[in-house]
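Just below is one structure, and these are the notes that go with it.
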Amino acid sequence: MLEFLISSASRRKTLVYLLNNQDKEFHLRKLSRNIGEPAPMIKRELDRLEQIGFVLSWAKGNRRHFKVNRNFLLLPELKSLADKSIDVSSNLKVANTFILKETLRKRKTWENRSKEIGKEYGNYIERQRPRHPAEARMLKKI
């Protein structure tokens, strides 16, 4: 669901990961490994999030560290939105699985009925149109 609001996959992954790990601090390479996106993409998203104040950054040695700004005005709303999108996504997967099972059940019923009709009328049924090659291959399997 969140993919409809935030179109960039790397921004979405970065945001959700940071929201779920608010108390930790990260350096760029560690974030890149944990999120599974290339470091330059993560850096670009972190720079954008830093511009709006969502992320704080500082230099420690030759590394730049990042942490979620706990005083960010929209932090509770973003966390709530991310949590709800995860719940909705899992519910949609369950619904899609149910729809798929129902469709497969109907298809099996149609196949069985087609076989019954074929047995009743035998090979004397004339086709109105020629078979598509894919249809012919499918019927060979039946």
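Read-outs throughout are calculated quantities, based only on the coordinates presented, and are distinct from any laboratory measurement. Please read these numbers as outputs of a predicted model, since none were measured by experiment. Reconstructed Cβ throughout: ideal geometry from the backbone, glycine too, with neighbour counts over all protein chains shown.
Worth a mention:
- Candidate aspartates and glutamates - alpha carbon under 17 Å from Lys119, same-chain residues fewer than 8 apart omitted: Glu111
- Formal net charge of residues neighbouring Asp47 (Cβ-Cβ distance under 12 Å; K, R +1; D, E -1): +3
- Sorting the segments 66-75, 104-113 by their residues' average number of neighbouring beta-carbon atoms within 10 angstrom, most packed first, yields 66-75, 104-113.
- Total formal charge among the other residues, if their Cβ is under 10 angstrom from that of Lys24, Lys/Arg +1 and Asp/Glu -1: 0
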